[in-house]
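Working notes, beginning with the structure itself.
The values are calculated or read from the model by the stated rules, or taken from the named source; none is laboratory data. The shown structure was predicted, so the numbers you read here are calculated from the model rather than taken from an experiment. Note: ideal-geometry Cβ built from the backbone for every residue, glycine included; neighbour counts use all protein chains shown. Heads up: the accessible areas ignore ligands, DNA and RNA and are worked out on the full protein's heavy atoms, side chains in. Shrake-Rupley method; radii C 1.70, N 1.55, O 1.52, S 1.80 Å.
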Amino acid sequence: GCILDGKLYPFGEIARTDNCFRCSCSQEAMRCCSLFHTPTGYDKENCKVIFNKKSCDYDVVQKSDPSKECFVYSRV
């Protein structure tokens, strides 16, 4: 298998690792890509970015009230 962040994964396709990556494990290499997109366009003055490990994505919320989401107009 392959080891990523101290955890052993079996050969083949890994749909989702503990750290929110999709990977392919072979005897030659382990190739991974992220399942999340980083917010770049939002109100940086009034909002903050929090990583949501359950959904494997970033939430953008109001600094004054984190229970309220902010509008995000671009992600990378």
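Would you check which residues across the range 32-76 are part of a strand (DSSP E or B) and either among the β-branched types (V, I, T) or touching a helix residue (DSSP H, G or I) at 6+ places or on another chain (Cβ under 6 Å) (or both) and list them?
Narrowing the range 32-76 to residues part of a strand (DSSP E or B): 32-34, 39-41, 47-52, 57-62, 69, 74-75.
Hits for the range 32-76 are T40, V49, I50, V60, V61.
Selection of the range 41-60 for residues being within 16 Å of the chain's Cα centre (by Cα) and open to solvent by less than 60 Å² (accessible area, probe 1.4 Å) yields V49, N52, C56, D57, Y58, D59, V60.
Picking from residues in the range 1-31 that are open to solvent by 90 Å² or more (accessible area, probe 1.4 Å) and part of a strand (DSSP E or B), the one that is nearest to K63 (Cα to Cα) is R22.
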